[in-house]
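The values are calculated or read from the model by the stated rules, or taken from the named source; none is laboratory data. As the structure is a computational prediction, the values presented were derived from the model and not from experiment. Positions of Cβ are backbone-derived with ideal geometry, glycine not excepted, and every protein chain shown enters the neighbour counts. With ligands, DNA and RNA removed, areas are computed over all heavy atoms of the protein, side chains included. Shrake-Rupley method; radii C 1.70, N 1.55, O 1.52, S 1.80 Å.
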Amino acid sequence: MDQLVTPHIALASLPIGSHARITAILGGHGLHRRLMGLGLRVGSEIDVLHQRGRGVVVASAGNRIALGGGVAEKLLIEPLPPGVSP
C-alpha cells in the first residue's frame with residue numbers, strides 16, 4: 001500500500017510567506033520549555049514573516065516571534081497549502 005509522505009524540513013529553509021505546521025522539535029527539555037513559553041509547540045501552525053541570515057520571524061496565534069538560526073534549524077515543519085491560516 002502506497003502512503004503519501006509529507007516532507008519535513010527545517011524552519012530556516014522556508015521562504016518568506018510560507019505557511020507550515022511544526023512537526024518536531026530537535027532539542028532538549030530546555031528548548032521545548034522555552035518554545036512552549038513563546039506559544040510554539042508540535043502542531044502549532046506558523047507563517048514566516050521575515051528572514052535575516054538563518055534567523056526568522058514567525059506569526060503564530062496572533063503573535064510575532066523572532067527565532068535565532070540555531071532554534072530555526074531545530075524546528076522541523078510540514079509546509080501547508082496557502083489560504084489556511086493559523
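For this structure, a couple of remarks:
- Portion, in percent, of the accessible area of the chain that falls on carbon or sulfur, probe 1.4 Å: 55 percent
- A Cβ-based charge dipole, computed about the Cα centre of the chain with Lys and Arg at +1 and Asp and Glu at -1, lands at about 400 debye.
- Extending 7 Å from Cα along the Cβ direction at residue 42 and again at residue 78 yields two label points whose distance is 1.2 nm.
- Label corresponding to Rg/Rh (Cα atoms, Kirkwood Rh) when calculated from the structure given, among (1) 1.42; (2) 0.99; (3) 0.96: (3)
- Note that the chain presents 62 Å² accessible area per residue, ligands and nucleic acids not counted, probe 1.4 Å.
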